[in-house]
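Participant: The structure is given below, and queries will be raised subsequently.
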Amino acid sequence: MIAKSIKGKSTEEIKTALEQSIADGFKPTLAVVFLSVKQDRTAISKLLDSHGIAIFGATTSGEFIDEVTEKGTVVMLLLDIKKDHFQIYLDDFHEKNFREIASGIAKKAKEKFPKPAFLISGSHLETNAEQLLFGFEDVVGKAVNVYGGMASDDYTFTEQFVFTNGRESNQGMVALALNEDKIIIKGK
């Protein structure tokens, strides 16, 4: 697996960085995207879509890459993971049914992978992250690997977003499910 990090202060800068990163034949299948709410999520998503790249995205309050933190930018990790080793889910929890939504995502992932692991991000200040974790545990078991955090909005505390190809939510969760039999995920 090859991974490349890119960053930019505009969609145009990201487009240039993406073109430079694939010029050597690198073919990313997945982008983990963190960006300021000031950036154009739709344009960034369309750019990645045009290259057939799946998106796990969240808005932030500061973006970092290579140990450098900036504000108002876009950063992303591009990966060339086999498409049958991951799946991305996005669901809303307008009814504050956090555990139920997480369980539903975990069930879908469990149907695809015998041992799924998850990278998640939730949006909305009222999200109960503990209930999200319980939802994954209910389906996969106590040994499930779940990593992630909450989306932010440049400290305005008004509206945060999670997004993937063609969809976004200001009151939901995006989850990247990985086949842990093929991809090892570890955290500290």
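Participant: Classify the chain: rounded, prolate or oblate, from the alpha-carbon gyration tensor (a ≥ b ≥ c, eigenvalue square roots; a/c under 1.5 rounded; otherwise prolate if a/b is larger than b/c)? If you can, show how the numbers build up before the last one.
Facilitator: On the way: a/c = 1.92, a/b = 1.24, b/c = 1.54.
It comes out oblate by the Cα gyration axes.
Participant: Now for a separate question. Evaluate the distance, in nm, between pseudo-label points positioned 7 Å from the Cα of Lys107 and of Glu19 along their respective Cα→Cβ axes.
Facilitator: It is 4.6 nm.
Participant: Using a ≥ b ≥ c from the Cα gyration tensor of the stretch 65-159 (square roots of the eigenvalues), is it rounded, prolate or oblate, where a/c under 1.5 gives rounded and otherwise the larger of a/b and b/c decides, a/b for prolate?
Facilitator: Values: a/c = 2.23, a/b = 1.23, b/c = 1.81.
In terms of gyration-tensor shape, oblate.
Participant: Over the stretch 1-78, with the other protein chains present, what is the accessible area per residue in square angstrom, probe 1.4 angstrom?
Facilitator: Counting only protein heavy atoms, the per-residue value for the stretch 1-78 is 49 Å².
Participant: Which net charge results when you count Lys and Arg as +1 and Asp and Glu as -1 among the other residues whose beta-carbon is under 11 Å from that of Gly141?
Facilitator: The answer is +1.
Participant: Now, a different point. I want the local charge near Asp181. Using Cβ-Cβ distances under 14 Å, sum +1 for each Lys or Arg and -1 for each Asp or Glu among the other residues.
Facilitator: Computed value for this residue: +3.
Participant: Probe radius 1.4 Å, ligands and nucleic acids ignored: give me the carbon and sulfur share of the accessible area of the chain as a rounded percent. Provide the component values of the computation, followed by the final result.
Facilitator: On the way: 4860 of 9650 Å².
After summing per-atom areas, the C and S share lands at 50 percent.
Participant: Using only the Cα atoms of the stretch 1-109, build the gyration tensor, take square roots of its eigenvalues as a ≥ b ≥ c, and label the shape rounded, prolate or oblate: rounded if a/c is under 1.5, else prolate if a/b is larger than b/c, else oblate.
Facilitator: Values: a/c = 2.12, a/b = 1.36, b/c = 1.56.
Note, shape of the stretch 1-109 comes out oblate.
Participant: Full extension from Asp138 to Asp49: what is 0.36 nm times the residue separation minus their Cα-Cα distance, to one decimal in nm?
Facilitator: Gain on extension, Asp138 to Asp49, equals 28.7 nm.
Participant: Have a look at the DSSP beta bridges in the chain and tell me what percent are antiparallel, nearest 5. Please list the in-between numbers first.
Facilitator: Values: 34 of 46 bridges.
Antiparallel bridges make up about 75 percent of those DSSP assigns within the chain.
Participant: Using Cα positions and a limit of under 28 Å, work out the lysines in reach of Lys107, with same-chain residues fewer than 8 apart set aside.
Facilitator: Lys82, Lys83, Lys96, Lys115, Lys142, Lys182, Lys186, Lys188
Participant: Sort 6-13, 26-33, 72-79 for me by packing, meaning the mean count of neighbouring Cβ atoms within 10 Å per residue, highest on top. Mind showing how you got there, number by number?
Facilitator: On the way: 6-13: 16.4, 26-33: 19.9, 72-79: 21.9.
Ranked by mean Cβ neighbours within 10 Å, highest first: 72-79, 26-33, 6-13.
Participant: With the contact rule set at Cα under 8 Å and sequence spacing of 6 or more, what percent relative contact order holds for the chain? If you can, show how the numbers build up before the last one.
Facilitator: Working: 419 pairs, mean separation 49.2, N = 188.
Averaging sequence separation for qualifying contacts and normalising by length gives 26 percent for the chain.
Participant: Given labels modelled 7 Å from the Cα in the Cβ direction, how far is it in nm from Glu159 to Ile2?
Facilitator: Inter-label distance under the simple model: 3.9 nm.
The values are calculated or read from the model by the stated rules, or taken from the named source; none is laboratory data. Since we're looking at a predicted model, the values are computed, not measured. Note: ideal-geometry Cβ built from the backbone for every residue, glycine included; neighbour counts use all protein chains shown. Accessible surface is based on the protein model in full, side chains and every heavy atom, while ligands, DNA and RNA are left aside. Shrake-Rupley method; radii C 1.70, N 1.55, O 1.52, S 1.80 Å.
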